[in-house]
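All remarks here apply to the structure that follows.
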Amino acid sequence: MICDSIDGTKQERLYFPNVKVTARGNRQAQQGDITTSDLTFTAYPGIIGANTAAVAQRTVNYGKTMTAFFT
C-alpha cells in the first residue's frame with residue numbers, strides 16, 4: 001500500500017509492503033469531491049528494497065535541497 005501526502009512543495013510517501021484490512025466501518029456520504037475510506041489497516045513486516053525487512057518506508061521530497069538544514 002502506498003500513501004501519498006502533498007503539502008505545498010513538500011511531498012511525503014509511505015510504502016507498506018504487507019497490509020491487511022482488519023476492520024471496516026460504516027461509510028458516510030461526504031461532499032462530491034471527497035472519497036472516504038473508513039477502514040482499519042494492519043501493517044506487517046516485509047522486504048523493502050535490497051533485503052531490508054521493515055513494516056514501512058518513508059520518503060520526503062521537500063522541493064529543494066535540505067543539506068544545510070540537516071547538517
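The values are calculated or read from the model by the stated rules, or taken from the named source; none is laboratory data. These figures come from a predicted structure and were not determined experimentally. No Cβ is skipped: glycine too gets one built from the backbone with ideal geometry, and neighbour counts run over all protein chains shown.
Looking only at segment 44-71, how many residues end up being of a type outside the set (S, T, N, Q) and in contact (Cβ under 8 Å) with a residue 40 or more places away in the chain? Lay out the reasoning, then the answer.
Going residue by residue through segment 44-71, those that are of a type outside the set (S, T, N, Q) are 44-50, 53-56, 58, 60, 62-64, 66, 68-70.
Then drop every residue that is not in contact (Cβ under 8 Å) with a residue 40 or more places away in the chain, which leaves 56, 58, 60, 62-64.
Here the count works out to 6.
So, in segment 1-48, how many residues would count as being closer than 14 Å to Thr59 by Cα, in contact with a Leu (Cβ under 6 Å, 6 or more places away or on another chain) and modelled with pLDDT under 85?
Count: 0.
Which pairs turn up if I take residues in segment 1-13 that are under 26 Å from Tyr44 (Cβ atoms) and β-branched (Val, Ile, Thr) and look for partners that are at pLDDT 85 or above and assigned to a strand (DSSP E or B) with beta carbon separation below 7 Å, at least 6 apart in sequence or on another chain?
Ile2/Arg13; Ile2/Tyr15
Ala56: touching a Leu at 6+ places or on another chain (Cβ under 7 Å), at pLDDT 85 or above, surrounded by 10 or more Cβ atoms within 10 Å (Cβ to Cβ) and not charged (D, E, K, R), yes or no? Full working, then the answer.
Numbers: touching a Leu at 6+ places or on another chain (Cβ under 7 Å): yes; at pLDDT 85 or above: yes; surrounded by 10 or more Cβ atoms within 10 Å (Cβ to Cβ): yes; not charged (D, E, K, R): yes.
Considered against the rule, which asks whether it is touching a Leu at 6+ places or on another chain (Cβ under 7 Å), at pLDDT 85 or above, surrounded by 10 or more Cβ atoms within 10 Å (Cβ to Cβ) and not charged (D, E, K, R), Ala56 comes out as yes.
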